[in-house]
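Worksheet for the structure shown next.
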Amino acid sequence: MRKAIIISQNSIRILLGIFFIVSAVMKVLSLDTFVMYVYSFQLFPLVLTEIACRLLIGFEMLLGVMLVLKLRYKLVWWTSMGLMVAFTLFLVYTAIFRNDDNCHCFGDIIEVKPVVSIFKNLAVMLFFLLIYEWKRRTHNTEETEEEEEPKFRFKDLFLASPWYSKTAKIIIYVVAGVLIFVAAFVLFPPTAIYNKIFSKHNLVATPVYEKALNDSLVYLHYENIRYNEAEDTVTFQKDTAYCQLANGTYIVPVVSAGCKYCKQSCELVHNIFERNHLPADHLVIWMWGVNDAHCGNFLRVTQCWEHEVYRISPQLAIDMVYGTFPTFLVVRDGEIIDVFGYRGVEENNIVDYVTGKK
């Protein structure tokens with residue numbers, strides 16, 4: 001009877017470890033969407049979000065490996081249970097206040113709604129509790145010498161070796177942990193950090209900007225934009241097109257359609273253009289939003305329907321400006337010559353740039 005319990009206990013432990021590993025691998029395979037999902041909660045800046053996501057994935061992978069190999073079992077058991085409780089509370093918050101279509105527990109490979117994922121986590125915690133209860137019962141039950149738990153385990157292959165010691169065990173743990181976390185950061189380096197290293201500006205990822213200029217597929221160009229005063233709505237047509245910034249100086253705000261500060265600053269820049277009779281097509285808005293209606297509302301509120309407008313992908317926008325919205329690019333003949341943020345909007349500078357005085 002006891003042997004059956006031990007076999008069942010080990011089987012569940014290994015399956016839980018595999019579950020953690022698979023979950024981590026699926027997040028890695030859809031890392032960009034996982035980072036964007038976490039970033040949408042606005043807990044950290046983009047750079048810290050990318051680091052935190054990789055640390056979380058690496059930690060989840062490490063727990064899975066240690067569960068499978070039964071290393072530091074008590075510590076890993078309590079840590080895993082605590083992690084599942086934290087994830088479940090997070091999912092409860094998400095289910096109540098956001099009700100997302102996918103909680104990204106398995107990346108975007110397997111879509112799971114937060115409510116479903118809550119029950120999944122409760123089932124996982126139940127399995128952990130079953131393992132804990134079995135361990136407690138087997139310790140309190142007197143068994144004959146013939147029914148004692150087998151001493152051999154996978155790690156006994158190392159224990160039998162003369163070089164194996166407490167120091168060697170620590171080295172194995174450290175090396176395993178370092179390999180997992182290095183893989184998460186080296187094989188899948190944080191985009192924001194990578195771009196900062198190779199960028200010519202601190203506020204914008206120059207490599208992402210240059211790549212975007214040469215790819216019309218990242219844009220939806222809003223053409224024939226019209227404001228219907230009677231219905232207070234903005235209408236437009238859409239087409240994919242390259243963004244032409246080759247001749248002259250352009251102010252290019254990279255904005256989110258739902259950002260309050262983006263709306264305020266774009267409305268201000270529009271008024272600066274109107275007041276100083278600057279050419280309307282030299283204000284080129286790069287905007288990302290949930291859908292066309294979301295972006296149309298942005299144009300209605302900011303009165304920017306007479307300017308050039310491109311709807312760009314969220315990933316492109318976030319990577320380009322490190323998740324800081326709004327960010328204004330000053331582009332002359334296709335090259336970025338200056339970058340400023342919400343607090344950096346100055347009428348004299350914008351006029352001087354567009355008219356070529358600066």
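Can you name the residue in the stretch 284-336 that is closer than 14 Å to LEU268 by Cα and in contact with a Pro (Cβ under 6 Å, 6 or more places away or on another chain) and, of all such residues, is surrounded by the most Cβ atoms within 10 Å (Cβ to Cβ)?
ILE285
Within the bounds of the stretch 256-270, is there any residue that is of a type in the set (Val, Ile, Thr) and within 24 Å of the chain's Cα centre (by Cα)?
No.
Among the residues that make up the stretch 235-251, is at least one of them polar (S, T, N, Q), free of Cβ contacts under 8 Å to residues at least 40 places away in the same chain and under 24 Å from ASP333 (Cβ atoms)? First the steps, then the outcome.
Going through the stretch 235-251, the residues polar (S, T, N, Q) turn out to be 235, 237, 240, 244, 247, 249.
Subset that is free of Cβ contacts under 8 Å to residues at least 40 places away in the same chain: 237, 240, 244.
Next cut, under 24 Å from ASP333 (Cβ atoms) only: 240, 244.
There is at least one residue in the stretch 235-251 that is polar (S, T, N, Q), free of Cβ contacts under 8 Å to residues at least 40 places away in the same chain and under 24 Å from ASP333 (Cβ atoms).
Output the residues belonging to the stretch 45-65 that are assigned to a helix (DSSP H, G or I) and of a type outside the set (A, V, I, L, M, F, W, C).
Those that are assigned to a helix (DSSP H, G or I) and of a type outside the set (A, V, I, L, M, F, W, C): THR49, GLU50, ARG54, GLY58, GLU60, GLY64.
Which number in (1) in contact with a Leu (Cβ under 7 Å, 6 or more places away or on another chain); (2) within 29 Å of LEU203 (Cα to Cα) marks the one condition that THR79 misses?
With respect to (1) in contact with a Leu (Cβ under 7 Å, 6 or more places away or on another chain); (2) within 29 Å of LEU203 (Cα to Cα), THR79 is out only on (2).
A quick yes/no check of all residues on (1) surrounded by 15 or more Cβ atoms within 10 Å (Cβ to Cβ); (2) in a helix (DSSP H, G or I); (3) of a type in the set (Ser, Thr, Tyr):
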position	(1), (2), (3)
SER8	no, yes, yes
ILE12	yes, yes, no
LEU15	no, yes, no
VAL68	yes, yes, no
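Of the conditions (1) among the β-branched types (Val, Ile, Thr); (2) closer than 26 Å to ASN247 by Cα; (3) in contact (Cβ under 8 Å) with a residue 60 or more places away in the chain, ILE285 satisfies every one except a single condition; which number is it?
Going through the list (1) among the β-branched types (Val, Ile, Thr); (2) closer than 26 Å to ASN247 by Cα; (3) in contact (Cβ under 8 Å) with a residue 60 or more places away in the chain, ILE285 breaks only (3).
Test PRO207 against the stated conditions and say whether it is at pLDDT 90 or above and not aliphatic (A, V, I, L, M).
Taking the combined requirement at face value, the residue does not satisfy it.
Can you tell me which residue among MET26, MET61 is touching a strand residue (DSSP E or B) at 6+ places or on another chain (Cβ under 7 Å), closer than 29 Å to ALA205 by Cβ, touching a residue at least 24 places away in the same chain (Cβ under 8 Å) and not charged (D, E, K, R)?
MET26
So GLU231 clears everything in (1) more than 18 Å from ALA212 (Cβ to Cβ); (2) in contact (Cβ under 8 Å) with a residue 60 or more places away in the chain except one condition, right? Which one?
The failed condition is (2).
Count, please, the residues in the stretch 214-257 that happen to be assigned to a strand (DSSP E or B) and charged (D, E, K, R).
Counting residues in the stretch 214-257 that are assigned to a strand (DSSP E or B) and charged (D, E, K, R) gives 4.
Of the residues ARG343, ARG311, which is among the basic types (Lys, Arg) and without any contact (Cβ under 8 Å) to a residue 24 or more places away in the chain?
On the way: ARG311 fails: without any contact (Cβ under 8 Å) to a residue 24 or more places away in the chain.
Result of the check over ARG343, ARG311: ARG343.
Among the residues of the stretch 253-281 satisfying the criterion of being under 17 Å from PRO314 (Cβ atoms) and of a type in the set (A, V, I, L, M), which is surrounded by the most Cβ atoms within 10 Å (Cβ to Cβ)?
VAL255
Going through the stretch 258-271 one residue at a time, which ones are modelled with pLDDT of 90 or more and more than 12 Å from GLN303 (Cα to Cα)?
CYS262
Identify, please: which residue in the stretch 83-101 is closer than 20 Å to MET26 by Cα and free of Cβ contacts under 8 Å to residues at least 12 places away in the same chain and is, among those, surrounded by the fewest Cβ atoms within 10 Å (Cβ to Cβ)?
The residue in question is ALA86.
The values are calculated or read from the model by the stated rules, or taken from the named source; none is laboratory data. Quantities reported herein were computed from a predicted structural model and do not represent experimental measurements. All Cβ positions, even for glycine, are placed from backbone atoms using ideal geometry, and neighbour counts span all protein chains on display.
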